[in-house]
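The values are calculated or read from the model by the stated rules, or taken from the named source; none is laboratory data. Since the structure is predicted, the reported quantities are computational estimates derived from the model, not experimental observations. No Cβ is skipped: glycine too gets one built from the backbone with ideal geometry, and neighbour counts run over all protein chains shown. To get the accessible areas, we keep the full protein, side chains included, count just its heavy atoms, and leave off ligands, DNA and RNA. Shrake-Rupley method; radii C 1.70, N 1.55, O 1.52, S 1.80 Å.
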Amino acid sequence: MFSLKTYLRNLNVFPPSSNNEELEDDSQHQSNIIATRIFILTLILSLFGISIALLLMYQTTMITINQPTREQFELLPKNAKCSCSRISFSYGKFTSLQASFHQVCSSDFVTDRWLKAISSGVDSTYFNNIDFRTYGTAQFQALAAFCRLSKAGIDQSITHFYQSTLLSPQVLSEDVFQSQIRVSINQFQITAPNTFKSQLRLINEMTIHNQLISALPTNFMYSQYYSSSNGITQLLYQLWYNQSDGIRCDCRTDFCGNIPSLIVDVFGASYSTVLGSIRWFILGISSGCLPVTSILVSTLECFYDQTCVNKLISYFLTIESFTATIYNNRSVYNQNSTIESIVDNLMIEDWMINISYDKYYSECAPSSCTYINVSRHNFIYVLIKLISVLSGLILVLRFTALIIIRLMQNIRNGATRQRIPWRVRLHQFIVFIRKIIIELNIFEHYPSTDRQIRFQRYGTRLYIFLLFNSLTVLITLTLLKNSIQSKTVLHPTQSQFIQLQQDYPQTLSCPCTEISMNYSTFITIQPHYHQLCSTDLISDKWIEYIVASTPDHTAYYANDYRVTGYSQFQLLTMFCQQAQQAIDDALHVLLQTTFISSQVLIQQSFQVQINSVIETWKLTTVNTFIRTIELFRATVQGNQLASGVTNNYRTTNSISGKSTWYARIYSNCLCALSATCHQTIGIYVYNSSSIIPILLYSIPTFFIGCNPTEALLLSSLECFYNLSCMLQIDHYINSSESFNFSALNPDLNPSNETMENIVNRLMVDTWSSNISFPLYYKQCAPLSCTFQYEDRDNLFLIITSIVGIFGGLSLGLKLVITIILQSIDKILINGVAHFNLLQSIKSIFSCTTEHQLIHRLHFILVVSAEVNSNTPGSRTLCENFRKRKFIWIISSIILIAVIIAVPVIIITGNNKEMEKASTVTEILTTTEITTQITISTTTTKSKQILPPVIINNNTKWKQTAVTVAGGHGRGSGSGQLCWPEGIYVDDDGQSIYIADGLNHRIVRWELDAKNGEIVAGGNERGHDIDQLDSPVDVVLDKEKKYLIICDANNRRVMRWSRQNIDDQEILIPDIICYSLAIDNNGDLYIADSQRNLVRRFQQGDMVGIVVAGRHTPGNQLYQLDRPRSIFVDEYYSVYIADYFNNRVMKWLKYATEGSVIAPGHASNKNPNPFGSLISLTVDHMGNIYVSNWDNHQIMRWSPGAIEGTPVVGEKQSGSGPIQLMNPQDLSFDRQGNLYVVDKDNHRIQKFIIDLD
């Protein structure tokens, strides 16, 4: 070890060359030793500094975990993205809901035993009208019905909730999952009772204002009297009640519920005798005009008290005994809570909720999780980096040290630089370079023969060539190499977030500190109601004005405005009040609903998502209101319920005493057969001497009909927009109240608009909504935003990498070339037979003695390639350094490499910036498109696949068609069709699916194939599960796993597996389907021709949502008449071939009526009618293509056009290649080719797009 210590003490890596004639004196030798020590110290400090810098630097790594378990997922950071193997899950997979109901619903008081016990039978109508024995049975029947309806409604709502889907593209954390599911459950818990409450309230109001007569004498009473002149006369009287507050209440206009229930001991007594005959006031029970409304304002106080129950049952002829309900102290209701307050909550006491995150995670089943890990470099990385940079660092430091030494020598020697002209310098430089190129030898050692020197120079040139090319390539790759960088912005402002989202839309992650917030935080919605709802026409003063025109002692014609007009304006008042109440209730629910946002949404997506929520809410609120009214109208007509004024009258035979009910007739229309019978209402003069009332004045477009609701909905308020008309009415009715009212403003609304149109939009003219992204962002309040981006490493890492590459590459090449030179030398000296390559390499790296160890250390420090201990290669290299030859060479190589690499990097960087800009533009464009179409999230398409070839008004198709299926006559063979109806073009599968009508099958026909393959049906005509009967249309579901089939004659829609022909099910029963469409959400649209509707069905939905039409056929904008074909565009608008109206309708999403975009009837403006409109499709530009059965052509209607243009086919039918015969369905493929079902030719024709 002594020699090693001596070596280190005298180490000099800058000695003069052995062939240098200059001698190194002691002073120079000492300076070189000091320089060596400074070099070594600098090297050590540099390595230490690089180590510290690398250890402190962060690295960003993308880590992927395959098939993560739940335990692994919970340990992942918040920025982990774990894609679910499926993105939609039914809530029923992982939630369980169960409701417990009010104890009255399980008590004796809703049983048949109780109802029979308190039933008075035929004596019910002989008790006083406020005696409990008159209406008690009816009241408790209503209470029992409320219990049944509540349970059934909750069961149905829970089933619907179970079938609704949670969209979860990424695995939700347990906290977010629990919050989101509880929000959904809470919304369900609020919505279900609110809907029931609104419907019940609306039905009760319509019952009162339509003056439906109860069989019990509680709201109307018939009275008859005899006169010698007229015989027996029937009169119908409304009942009045004196309420507990002293106010007199009229059953024609009110519920009259604040009236105590009594037990009266006088049988058949009138009200005048009751005051002296009251036996008992029943605690909590009320009476009134109708049993249902009176039980709602009652309480159950008596039925918690056994004494009260016993006393009540004692007034009935029964031996039954009943036990009072024991009050539950944990109940959410009090003993004196009204039944209405209990019913409003669907009789629910409590909920039992179970949410299983394990089941959700199992359903989600993520295949992998990916996250970005930001951490400091580990020791192994640092060690590898130091090893790679060591050689280059030594080289750089030696360059620096040599320059410093040379400067120090010049200073010490006092050498002055002689001024030389630049021409001479240039000549010297050229000579110098030429000499270097010819004589440079970095592998020179002493002694060397001429042959060895020649090969050494060859090796030098090879070394420079390889070093230059390799260094250029590797430096370029190093500079171009991008790595994932991660950056975090703390407490970002909204403007910072927006900018970050624009710059890094794909990777930005800003977790919200508040993941749940009410919609009321950031949205306001304001309906602007029809002017009618704020005018005199719905005021109490106006009703009193009309009623005051009919003194009690005067008889009037039943069709007189003075008799029935007040009821219609009461209905108007009710509609305004109920519409406002329905909107207020629904809005309260919406605003209290929680919005879940674990990450800050971008502004465009936020606006789209909230707009979608608002539009869905409006549609649901309107539809619920309308459906309730329609249900009431259908129930009244179906049950032939009697109205107190309009749809019936009663006569009594004076001889037999028999009373007969008759349905009224309006305009030769019998109310027993149609609820829509009506005639214009008028003002009549009538007295006892007049046999037929005399019409004084007819009120235009204001009708009387079978009941006030039907008449009102058909009416318009045209007269009440005209003050002169109103004054004319005032003149004739001669009301005792003065006329001091204003007419409606015709500038605000059209005067001829029917009340049905107004009611169908919830009396709302316009909606205004404000969605505040700043308020949302403030509530979300992200603490930080993290984003990842690809960028070049920082300058330090790039420099260390280049130095390491240069050092390692230089050393490696010199070692290899040195070995090659030594091997060649030994081969030339000893011959190939005595050459041992392995032994030669081993001799270079062997360290068996201390001297060899010292020499190898010296080899590393001077970066030289010595072959053995006797080869003074290090001195040779040192001399080259001192002559600055090698410095020039290396500097030149690096300079040239940089000159080549930098432009490449700049050009590549510009390209990447352009790509990035293009990507951002594409993302922003996509976002803008999504803003228009997503009110979801997503674009929609019908079964026709819109082609990427943009079709416009000028697009043409070659007139000679190619037959792609059938064409071999009518038949059931594999190459034949029999009156095909519908097609679906599957571009992905290069095939078409055909509804082969009278073969009762679905056929898949590959393009260019001669025969088709039966994929559904084909088992003869029938109604079994594996049979079809005249299918008319077919589409594929979103995942293209199932066929959806219109099985027309079986009145059903079938789902048939593509993988297994024996796997089929009835998707939707009892529907006459003519056309199908699927959007990108997987929702199914069906043209229900029988009901004149188009419905949208979500997965698992058996009822569907009406998106176009009404149940009644007609030609109004809100009606359809046998919709035959449908198309859904990318904005969710539905195009409909309205068959019997011979027109094409377009219904925007959430619209309550459509617009006619292509009329079919001939007129001056439309000289080219459709003919028989069968099917349609739409291109990108909104052009409509329709198949004309009568004209045997396909016509194109451009937006705003007044006539269509034929694109294929001839007016004359035929079987030629340019002819069609009764064309049916049509569709495009992605290339823009047009496919037409040529029905009566039993073939499918393909018209190729003419790109020329």
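Worth pointing out:
- Val424 accessible area, 1.4 Å probe, all protein chains in place, Å² to nearest 10: 60
- Long-range amide H partners of His530 with built H, under 5 Å: Val764, Asp765
- Listed peptides 529-541, 316-328, 714-726 by packing density, highest first (mean Cβ within 10 Å): 714-726, 529-541, 316-328
- In terms of the mean number of neighbouring beta-carbon atoms within 10 Å, the peptides 491-503, 1023-1035, 737-749, 1103-1115 order highest first as 1023-1035, 1103-1115, 491-503, 737-749.
- Counted by Cβ distance under 14 Å from Thr1152, the other residues give a net charge of 0, where Lys and Arg count +1 and Asp and Glu count -1.
- Approximate spin-label separation Ile247-His731, in nm, with each point projected 7 Å along Cα-to-Cβ: 3.8
- Close amide-amide hydrogen proximity is noted between Leu212 and Gly644, each under 5 Å apart and 5 or more residues distant or on a separate chain (H modeled in the peptide plane; Pro and chain starts excluded).
- Integer Hz, Karplus 6.51/-1.76/1.60 couplings in order for the range 619-636, x for Gly and Pro: 5, 5, 5, 5, 5, 4, 5, 5, 4, 5, 5, 5, 4, 4, 4, 5, 5, 4
- Computed over protein heavy atoms with a 1.4 angstrom probe, the accessible surface ordering of Met221, Met57, largest first, is Met221, Met57.
- Residue-span extension gain [Asp175 to Lys435] - 0.36 nm each, minus C-alpha spacing: 85.9 nm
- Scalar couplings 3J(HN,Hα) for the range 307-321, obtained by applying the Karplus form with A = 6.51, B = -1.76, C = 1.60 to θ = phi - 60°, are 4, 5, 5, 4, 5, 5, 6, 5, 8, 10, 7, 8, 9, 5, 10 Hz; x denotes Gly and Pro.
- Members of Lys481/Lys1040; Lys151/Lys1149; Lys1038/Lys1146; Lys1040/Lys1211; Lys487/Lys1038; Lys1040/Lys1239 lying beyond 30 Å, as alpha-carbon distances in this model show: Lys481/Lys1040; Lys151/Lys1149; Lys1040/Lys1211; Lys487/Lys1038
- Using R0 = 30 Å, the C-beta based FRET efficiency linking Leu1117 and Glu544 works out to 0.20.
- Phi to ³J(HN,Hα) by Karplus 6.51 cos²θ - 1.76 cosθ + 1.60 over the range 463-471, Hz, x for Gly, Pro: 4, 5, 4, 5, 5, 4, 5, 5, 5
- Computed log₁₀ I(q)/I(0) - Debye formula, equal Cα scatterers, no solvent, the range 962-1250, q 0.10, 0.12, 0.16 Å⁻¹: -0.48, -0.70, -1.30
- Burial order of peptide ranges 381-388, 1205-1212 (average beta-carbon count within 10 Å, highest first): 1205-1212, 381-388
- Stretch gain in nm, segment Tyr789-Ser96, where the contour uses 0.36 nm per residue and the Cα spacing is subtracted: 245.2 nm
- Counting Lys and Arg as +1 and Asp and Glu as -1 over every other residue whose Cβ lies under 10 Å from the Cβ of Glu1006, the net charge comes to -1.
- Extension reserve of the Ser612-Ser972 stretch, reckoned as 0.36 nm per residue once the Cα distance is removed: 124.8 nm
- Simple label model, 7 Å out from Cα along Cβ direction - Asn329 to Ser769, nm: 4.8
- Under 5 Å between amide hydrogens, built in the peptide plane, is the criterion, and for Val13 it picks out Thr36 among residues at least 5 positions away or on other chains.
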